[in-house]
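Data first, discussion second: the structure below is written as structure tokens.
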Amino acid sequence: MEKLKRTDIVDLLGSEKDDIRVNAKGWVRTKRQSKNVAFVALNDGSTINNLQIVVDVQKIGEATLEKISTGAALSVDGLLVESTGSGQARELQAEQIEILGVADPDVYPLQPKRHSLEFLREKAHLRFRTSTFGAITRIRHAMIFGVHKFFNDRGFYNIHTPIITGSDAEGAGEMFRVSMLDPKNPPLDDEGDVNFKEDFFGKETNLTVSGQLEAELAALAMSKVYTFGPTFRAENSNTSRHLAEFWMIEPEVAFADIHDDMDLAEDMLKYLVKYALDNCREDLDFLTRRLSEEEKHKKEHERSPMNLIERLEFVLAEKFERITYSQAIDVLKNSNYNKKKKFNFLIEDWGIDLQSEHERYLVEKHFKKPVMITDYPKDIKAFYMKQNDDGKTVRAMDVLFPQIGEIIGGSQREEDYDKLLQRMGEMEIPLKSMWWYLETRKFGTVPHSGFGLGFERLMLFVTGMGNIRDVIPFPRTPQNAEF
Ligand code: 4AD
Ligand code: MG
């Protein structure tokens, strides 16, 4: 007989035709067996749904069936027929089963039952094989695709900005060093400091914390650009919303002020949420059920008033609230949470940085919709932000989301050479290594703006997952770089 070509399970389940001979390959999720017949649920990652394989015990034989257990890889030839019982429109009557790879049930870590997310983090090499991580992986892919489509459709150019850099884009000093010097015996200069002139690049280099500075260079010629790359932060924050390695989407637009920037941010977030609803419905329905199941174990007041799909639809329906930092401080200062000391960090004075508890209060309790805050105190924001005339604030804008807090950080940029130079001096930004950035303000400088969307924070919101370690395949966090 001629060898059958493999068909994706998603296409088999959606097949118009039946009574056709097909081949499916995949990994076993479950097996149920009675005396004469066995049912095997097969998944190949192409859909959340499994293909039910109906196995005639006589025909396939006990010896083969014994090797079919959760996690085993199979190739199945058979007849695709209309299904009456599997919950799917199609099922496969096996004619021949080849065991491509066994998975000894005594040692295979995944069992056909619910595993905790913590357990699965330790099995990140296998967790793609669970329904939850299959769904997240497909949604993550769709979101990446949606990001590129959004910008491509609007005439933006994608710029690959460097991963190894000699500058600190955020000026926060939270960088991972890239060096080839011998850590035990580094060369020293006359002052006894490590002599990076002898290092690979002839200078101190690090992994980038943001592609913004280089994106600005491109925007000041190409008008509308974006980067979408990995970024690295050596901040020791072991929270459910921080990674040491995460992906950031950073558009940068010439001739745009902070209001244009906010419009772009709101459009993009709504576009991406809608893109997920339109393209990932089955996976989102699965995650919605999963989350509702999980919420049952929570106390009444900790439960979200909306399910996942409702939360996504809600973001589309509402115009985001736009307020200044000063207005936000007023709201927080006068809030019951502040008066009854329910915040861990009480709001007393203008000038403090907002914690995620404050951000979530504004979004979830006060405005009950996404909030954009502008005009933050200059001392808690980066050197490159455009200074306001009041001498105290800068044209920063953060977007705050329910469950997440800050999802986007951005600003209008300081395009005035003298003001930028002065601010960099005040903030002790090494001017020598930034000569190229400063030069753009001397030659054809224009107002421009941009922002950074943390891709995993978006993934947290869209999937309803509670921990950022579960929306990236291989999380990098303090004390953890396994896999
Ligand atoms: O607010 P941030 O630090 O802004 C920048 O890096 C700017 N250069 C962006 C720009 O204007 N082009 O970071 C932007 C976003 C945050 O709002 C957050 O969503 C995400 O990046 N982010 C993190 N996500 C995961 N883990 C971390 N450690 C993150 N730090 C920031
Ligand atoms: Mg920020």
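The values are calculated or read from the model by the stated rules, or taken from the named source; none is laboratory data. Predicted, not measured: the structure shown is a model, and the values here were computed from it. Positions of Cβ are generated from backbone atoms using ideal geometry, with glycine treated the same way; all protein chains shown enter the neighbour counts. All accessible areas refer to the heavy atoms of the entire protein, side chains included, with ligands and DNA or RNA removed. Shrake-Rupley method; radii C 1.70, N 1.55, O 1.52, S 1.80 Å.
Structure notes:
- Couplings 3J(HN,Hα) for segment 474-483, derived from phi with the Karplus relation 6.51 cos²θ - 1.76 cosθ + 1.60 (θ = phi - 60°), are 10, x, 10, 9, x, 6, 8, 9, 6, 6 Hz, where x marks Gly and Pro.
- Heavy-atom accessible surface of the chain: percent carbon and sulfur, 1.4 Å: 49 percent
- With the convex hull drawn over the C-alpha atoms of the chain, the volume per residue is 206 Å³.
- Over all other residues within a Cβ to Cβ distance under 9 Å of ASP398, the charged ones net out to -2, with Lys and Arg as +1 and Asp and Glu as -1.
- Cα-based helix-to-principal-axis angle, 212-222 vs the chain, degrees rounded to 10: 80 degrees
- Each residue of segment 128-139 was assigned a 3J(HN,Hα) from its phi angle through the Karplus curve 6.51 cos²θ - 1.76 cosθ + 1.60 (θ = phi - 60°); the sequence is 4, 7, 8, 4, 4, 6, x, 4, 4, 5, 5, 5 Hz, with glycine and proline shown as x.
- What separates the Cα centres of segment 423-443 and segment 173-244 is a distance of 17 Å.
- Flagged links, alpha-carbon separation over 31 Å, of LYS274/LYS442; LYS149/LYS369; LYS149/LYS365: LYS274/LYS442; LYS149/LYS365
- With all protein chains kept in place, the per residue accessible area of segment 290-446 amounts to 52 square angstrom at a probe of 1.4 angstrom.
- Selection from TYR157, PRO402, ILE352, by position along the positive dipole direction of the chain (Cβ): PRO402
- Net charge dipole size for the chain [Lys, Arg +1 and Asp, Glu -1 on Cβ; Debye, nearest 20]: 1640 debye
- Protection proxy ranking of 33-46, 259-272 - average other beta-carbon atoms within 10 Å, highest first: 259-272, 33-46
- What segment 9-101 shows is 48 Å² of accessible area per residue, with the surface traced by a 1.4 Å probe over protein heavy atoms.
- Taking Cβ atoms as reference points and 11 Å as the exclusive limit, the residues near MET143 contribute a net charge of +2, counting Lys and Arg as +1 and Asp and Glu as -1.
- Electrostatic dipole magnitude of segment 9-101 [Cβ: Lys, Arg +1; Asp, Glu -1; Cα centre; debye, to 20]: 320 debye
- Taken over segment 9-101, lysine pairs spaced eight or more positions apart, or on distinct chains, with alpha carbons under 21 Å apart number 8.
- Annotation: amide H of TYR157 within the under-5 Å range of LYS224, VAL225, TYR226, sequence separation 5 or more or interchain, hydrogens built in the peptide plane.
- Ratio of Rg to Rh for segment 9-101: 0.92 [Cα atoms; Kirkwood radius as inverse mean 1/r over pairs].
- Solvent-accessible surface (1.4 Å probe) assigned to GLU174 amounts to roughly 60 Å².
- The alpha-carbon of LYS184 sits under 28 angstrom from the alpha-carbons of these lysines, leaving out residues fewer than 8 places away in its chain: LYS197, LYS203.
- Counted charge near THR205, where neighbours are those whose Cβ lies closer than 9 Å (Asp, Glu -1; Lys, Arg +1): 0
- Whole-number accessible area per residue in Å² for segment 187-241, which is evaluated in the context of all protein chains at 1.4 Å: 49 Å²
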